[in-house]
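Worksheet: the structure to be examined is printed underneath.
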Amino acid sequence: MVIWKIVRATIQIFTEDRYGGAFVKKLINRLIYLGFISKNISVKTRLFVGRCNPKVYRQVKAAHIDYDKIIILMDAHGRDVKKIEASVKRHIPKECREKVHIVILNYEIEEWICYGLGIKFNQKPSESLNEYLMKHRGAEERYEKYMLVSFADKINLNRLCSYPSFRNFLNALL
């Protein structure tokens, strides 16, 4: 088990969809409960307006006032991770950059679930998760985005902690 030490911190996490925030929050609570990270953390999640939206500037600027750290969690959907990160950074106010951590997933948030459950996935992890559910739970059980939160309790955290984008996320929490 990996223990991540965190000094008292308030963190705003921006995610791309409404279920992503609840999933991340539940995952962090589980990490705290199991002793992977310290309980000296207060996390709020919020929907991110989008990487090339002019509102990003105002959204980050407002969070900069109230939080010690800001984490932006984005899906690359198979595109170049560095280019996605650069496009987000362009909209971050210079005076806020020391607090902002951008974590880009290669494809989508479901890749953390697939990796944590040992499911092989392709460029669309949500489809791989769907195939897994249909195979193991029957044809009527199809993956829907609202199910994202329920997988936070099922993931093997020791396994997930070795996944590069999740390690980046944990490092951003520090």
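The values are calculated or read from the model by the stated rules, or taken from the named source; none is laboratory data. From a predicted model like this one, the values you see are computed outputs, not experimental measurements. A quick note on method: Cβ atoms are made from the backbone with ideal geometry, for glycine too, and the neighbour counts reach across all protein chains shown. Surface areas here come from the heavy atoms of the whole protein model, side chains and all, with no ligands, DNA or RNA. Shrake-Rupley method; radii C 1.70, N 1.55, O 1.52, S 1.80 Å.
Worth a mention:
- Accessible area (Å², 1.4 Å probe, nearest 10) - Asp153: 90 Å²
- Remark: accessible surface ordering of Met134, Met74 (largest first) is Met134, Met74, probe radius 1.4 Å.
- Length gained when the stretch Ala9-Lys135 is fully extended (0.36 nm per residue, less Cα-Cα span): 41.2 nm
- Close amide-amide hydrogen proximity is noted between Ile71 and Gln12, Ile13, Phe14, His101, each under 5 Å apart and 5 or more residues distant or on a separate chain (H modeled in the peptide plane; Pro and chain starts excluded).
- Cα gyration tensor category, rounded, prolate or oblate, for the chain with a/c compared to 1.5: oblate
- Per residue, the range 109-148 exposes an accessible area of 57 Å² to a 1.4 Å probe, with every protein chain left in place.
- Here is the list for the range 111-174: GluC sites (Glu not before Pro) lying in DSSP coil, each with at most 16 other C-beta atoms within 10 angstrom of its C-beta, are Glu140, Glu141, Glu144.
- Carbon + sulfur, % of accessible area of the chain - ligands and nucleic acids excluded, 1.4 Å: 50 percent
- Across the range 84-139, Cα pairs under 8 Å and at least six residues apart give a relative contact order of 24 percent.
- Per-selection Rg to Rh, the range 52-92 - Cα, Kirkwood hydrodynamic radius: 1.01
- Relative contact order, percent, the range 73-166 [alpha-carbon distance under 8 Å, six or more residues apart]: 28 percent
- For the chain, the membrane-span-like helix rule (DSSP H, alpha carbon extent of at least 20 Å along the helix axis, mean Kyte-Doolittle at least -0.5) picks out 18-33; this says nothing about an actual membrane.
- This model, with +1 at the C-beta of Lys and Arg and -1 at the C-beta of Asp and Glu, gives the chain a dipole about its Cα centre of some 580 debye.
- Calculated FRET efficiency, Asp66 to Arg167, Cβ-Cβ distance, R0 = 35 Å: about 0.85 to the nearest 0.05.
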